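Below is one structure; the comments refer to it alone.
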């Protein structure tokens, strides 16, 4: 099947690689293919290209190039941040949120088995957190506050800058999973005042299999590597670098920086149109905060149906019932459940996420087919 065979509304799961990114990557597979760790002129040429990509990635998020550690993706970055930050005799406590990505929640669960104490902050029916409640959980034992910038299922944006100020007042570090934010909205790690941040190239039209972890210079000596080997990347993540992936990520970052504003305006109009039309279907509602969310995402409950039935019935229209990183399951979304939704309504909810290649024609086609399919499923 080709791209034209699908109507893709699942950009939060992954994005297609921008052709300009692909073109930039090609030479590094079979022409400029040297190991960036080699000391000959060929290797040094590749090393320079990697360093340029590091500078491009750093510039996008307001960091320094030596604060960027390339990984295989956001999940590895999450693991390096959470497992790598050294606990001590006093600080062995982590505060996170019940609606975090499974990469965070499962890593925290493992850390609990290793002797950490973890508090999972609840959210309200909109998916928002109570800052006063968060502050009450931070103690002298707290090593890290771990909160995502944008929720992958609802698009909710958390007030990270406020959270970071609160955490730092109490002497603990702040880790932010910004996987659904970087490349879509302005993210400046210095302005947000965060210490560690994970993100992944395939969420903003770069290749899969490459991501990064930002580690602030001030805490770099507190992070232990999780992969030992040749000492690459300041001995924080050993292993031969994925040069084509890193080059592709650098190009994707450059494009995002230049086109972010125009893309976001176009995408928001399409998202709003999709949302407004779908809400005309009886017994439908938006899950989550309507205003404090990213421009490309809407999560809608279609009462009286099962989302999996709707997804299967839609055929070539690609939407999601939750995170693509969860295994195939009939369980309701942990994000929607944490927001207080019933199993029935959580299992009747669909996430729509659109991107820069989405067209108005595709939105209108999707709306027409979804409306017919919802009515058909309800009549059954």
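Values quoted throughout were computed directly from the atomic coordinates according to the rules given, and no laboratory measurement underlies them. Just so it is clear, the structure is predicted and the values come from calculations on it, not from any experiment. Using ideal geometry, Cβ is built from the backbone for each residue, glycine included, and neighbour counts are taken over all protein chains shown.
If each DSSP helix of 4+ residues adds -39,500 (n - 2.57) and the sum is divided by the residues in the chain, what number results at 222 nm, nearest 500 deg cm²/dmol?
Details: 13 runs with 149 residues, N = 380.
So the calculated ellipticity at 222 nm is -12000 deg cm²/dmol.
Report the far tail of the P(r) of region 19-255, meaning the percent of Cα-Cα pairs longer than 30 Å. Before the final figure, lay out each step's value.
Values: 6782 of 27966 pairs.
It works out to 24 percent of all Cα pairs.
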query: Sorted by average packing, counted as other Cβ atoms within 10 angstrom per residue and highest first, what order do 353-364, 207-218, 146-157 take?
result: 146-157, 207-218, 353-364
- request: Determine the principal axes of the Cα atoms in region 212-363, then give the extent along each, sorted from largest to smallest and rounded to whole angstroms.
  value: 59, 36, 31
message: Just to be sure I understand: of the beta bridges DSSP finds with both ends in the chain, what percent are antiparallel, rounded to 5?
response: 55 percent
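For residue 224 and residue 40, FRET efficiency with R0 = 51 Å and r from the beta-carbon atoms, rounded to 0.05?
Numbers: r = 32 Å, r/R0 = 0.63.
With R0 = 51 Å, the Cβ-Cβ based efficiency is 0.95.
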